[in-house]
Every structure is written in structure tokens, then in C-alpha cells.
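The values are calculated or read from the model by the stated rules, or taken from the named source; none is laboratory data. Computed from a predicted model, the values in this text were never measured in an experiment. Backbone-built Cβ (ideal geometry, glycine too); neighbour counts: all protein chains shown.
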Amino acid sequence: MSNNRPLSPHLSIHKKVLTSVFSIFHRFTGFCLCFGLILIALWILLIAIGQSYFDLFKPISTNLFYKLTLFFWTIAIFYHLFNGIRYLYWSFGKGMELKTVYLSGYIVFALTLISSILVWFSI
């Protein structure tokens, strides 16, 4: 057998394109949302079990790491929502021109940041 076979191109040789970054981040936020829903379900369970169990949760909820996790989870929610709407729009064949694709990506990014900041700083 000969080892003169061509090698498959590796991901590192491809140019990073904004659309691929948005697609990968959409998948990543979907995974994070699934994990976050498990944490929310546990939080609801602690509330349902009783006050003494919820009192065990209070010190955790005041932790800075916990609040940062919730903030990034909020960003994931809004990004996945707005980018999902963009993908639905594409399903109808609308907005597929390259200029529109990039513009809608920037709009998704801006709406995500604005919505997350409004949620966290209007409370």
C-alpha cells in the first residue's frame, strides 16, 4: 500500500467567515441553553421542595460567578432567538444576498447586546 494519498484540508487553512462564526455560535448557544434549562429546573425544584432547601440556594445566587453565568446565559437566549429568526427568514429564501447576510449578522449581534443589557440593567 502506498502512503501517497492526499490529505484532507484541515480547518486551520480555511478563512474565517462571519457566517460560519455565527453558525457555530448558534449551535454553541443552543447547547448552553439546554444546560441552562437543567439549572433552571433545579432552581424551580428547590423552590417547590420548600423554604429550607431554597435557603441553601441563596448564598450561591449572590456569588459573582453565578451572576456572570446568568448574564452570559441571557446573551445566549437572545442570540439564539434573533439568529433563529434570521435562519427562519432564510428558509423562505429571503435575505440570501451576501450584503444582506452580513448586515443581518451585525443586526443580530446588536440586538443581542441591547436586549441583554436592557434585561439586566432595567431590573
Residue hits (segment 79-93; at pLDDT below 95 and either on the phi > 0 side of the Ramachandran plot or of a type in the set (K, R) (or both)) are G93
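Would you pick out the residues in segment 91-106 that are touching a helix residue (DSSP H, G or I) at 6+ places or on another chain (Cβ under 8 Å) and either free of Cβ contacts under 8 Å to residues at least 12 places away in the same chain or loosely packed, with under 12 Cβ neighbours inside 10 Å (or both)? Walk me through it before giving the result.
Residues of segment 91-106 that are touching a helix residue (DSSP H, G or I) at 6+ places or on another chain (Cβ under 8 Å), as a first pass: 95-96, 101-102, 104-105.
Within segment 91-106, G95, M96 qualify.
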Quick one: would you say G84 is small (G, A, S) and either surrounded by 14 or more Cβ atoms within 10 Å (Cβ to Cβ) or within 14 Å of the chain's Cα centre (by Cα) (or both)?
yes
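Given the options S61, S12, S8, S2, name the one that is under 26 Å from W120 (Cα atoms), modelled with pLDDT under 85 and either out of contact with any helix residue (DSSP H, G or I) (no Cβ under 6 Å at 6 or more places or on another chain) or hydrophobic (A, V, I, L, M, F, W, C) (or both).
Details: S12 fails: under 26 Å from W120 (Cα atoms); S8 fails: under 26 Å from W120 (Cα atoms); S2 fails: under 26 Å from W120 (Cα atoms).
The match here is S61.
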Please pick out the residue among V21, V17 that is aliphatic (A, V, I, L, M) and at pLDDT 85 or above.
V21
Pick from segment 36-67, criterion surrounded by 11 or more Cβ atoms within 10 Å (Cβ to Cβ) and aromatic (F, W, Y), ranking: farthest from the chain's Cα centre (by Cα)
Y53
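Can you tell which of G30, G84, G95, G36 is out of contact with any Pro (no Cβ under 8 Å at 6 or more places or on another chain) and in a loop (DSSP other than H, G, I, E, B)? Give the steps one after another, and end with the answer.
Working: G30 fails: in a loop (DSSP other than H, G, I, E, B); G84 fails: in a loop (DSSP other than H, G, I, E, B); G36 fails: in a loop (DSSP other than H, G, I, E, B).
Sole residue among the options that is out of contact with any Pro (no Cβ under 8 Å at 6 or more places or on another chain) and in a loop (DSSP other than H, G, I, E, B): G95.
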List the residue pairs whose Cβ atoms are under 8 Å apart, where the first residue sits in segment 17-39 and is under 17 Å from F72 (Cβ atoms) and in contact (Cβ under 8 Å) with a residue 24 or more places away in the chain, the second is in a helix (DSSP H, G or I) and aromatic (F, W, Y), and the two are 6 or more positions apart or on different chains.
F25/Y79; H26/Y79; H26/Y87; T29/Y79; C32/F72; C32/W73; L33/W73; G36/W73
